[in-house]
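Below you'll find the structure, written out as structure tokens, and then a few comments.
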Ligand code: SAH
């Protein structure tokens, strides 16, 4: 018997002012079970205990989309979300589940999951199909995607967690956003010095830092930060630079 995920409705409510529906809770449970199965073949995550999974994958993923919880279905056009370096589907999959209150098939979200490891995106394709979550799973590099006319400037919301330094992550996601779109950089510890040095980079890429959320995870009180970057004008064509460069020589 697989472990059962905790519900922690009180913690959802007190931290994010939100609670999953029964259907969403069931999807979180199925996601958890399938990640555990996938983990036997692929190195998806080391976070496998139920409470840990709840806090460090589900809660953490949703903390970055807290501003959108509750109001997405009011939009006529689907919210186009891209998750770069998604690994086992985080934060994109829990975010899409949470932003689809009634029926995944009519989801107000258009989700694209991107990872350079083909085995992971193949796993995610099967996972999303079995959850009934329409998703596009792409095995490519963020640097290539950002220079592809089809994807550049295409997204409303770009999520990125645990893929590299903040400067690298910003260079990966900003080109993919529409003007008016928003990027969420998920960080752990974060300092005002880091904000200072990131500011000119965000500016160079066409963005503006609009919010910096300082979280404590609700069970173990780990430090988390979410940087919200609004795209103000098109990213110069020089970015993202060639494959490997944003990681090896982050913008300064
Ligand atoms: N976002 C997930 C996984 C983080 S591990 C989580 O938070 O749990 C980082 C993932 O990013 C790996 O799966 C790796 O294959 C992918 N990755 C690293 N650089 C990338 C790039 N330039 N383009 C696309 N994927 C990348």
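What follows is calculated from the coordinates using simple rules that are stated; it is not laboratory data. Just so we're clear, the structure is a prediction, and the values are computed from it rather than from any experiment. Note: ideal-geometry Cβ built from the backbone for every residue, glycine included; neighbour counts use all protein chains shown.
Things worth noting here:
- In terms of packing, defined here as the mean over residues of other Cβ atoms within 10 angstrom, the peptides 87-93, 61-67, 200-206 line up highest first as 87-93, 61-67, 200-206.
- Between the Cα long axis of helix 118-131 and the first principal axis of the chain there is an angle of about 50°, rounded to the nearest 10.
- The stretch between residue 41 and residue 214, if pulled fully straight at 0.36 nm per residue, gains 58.8 nm over its current Cα-Cα span.
- Ranked by how many other Cβ atoms sit within 10 Å of their own Cβ, fewest first, the residues 245, 114 fall in the order 245, 114.
- Exposure proxy ranking, count of Cβ atoms within 10 Å, fewest first, for 21, 140, 220, 112: 220, 21, 140, 112
- Packing-based exposure ordering (other Cβ within 10 Å, fewest first) of 123, 9: 9, 123
- Between 0 and 90°, nearest 10: helix 22-39 axis offset from the chain longest Cα axis: 80 degrees
- Tilt relative to the chain, helix 192-204 - C-alpha long axis, 0 to 90 degrees, to 10: 60 degrees
- Residue 241 paired with residue 223, simple spin-label distance in nm, labels 7 Å along Cα-to-beta-carbon: 2.9 nm
- The spread of Cα positions in the chain, taken along each principal axis and listed from longest to shortest, comes to 51, 38, 35 Å.
- Where labels lie 7 Å past Cα in the beta-carbon direction, separation of residue 126 and residue 144 in nm: 2.3 nm
- Residue 26-residue 196 FRET efficiency (beta carbon distance; Förster radius 45 Å; 0.05 resolution): 0.50
- Among beta bridges that DSSP assigns inside the chain, antiparallel share in %, nearest 5: 40 percent
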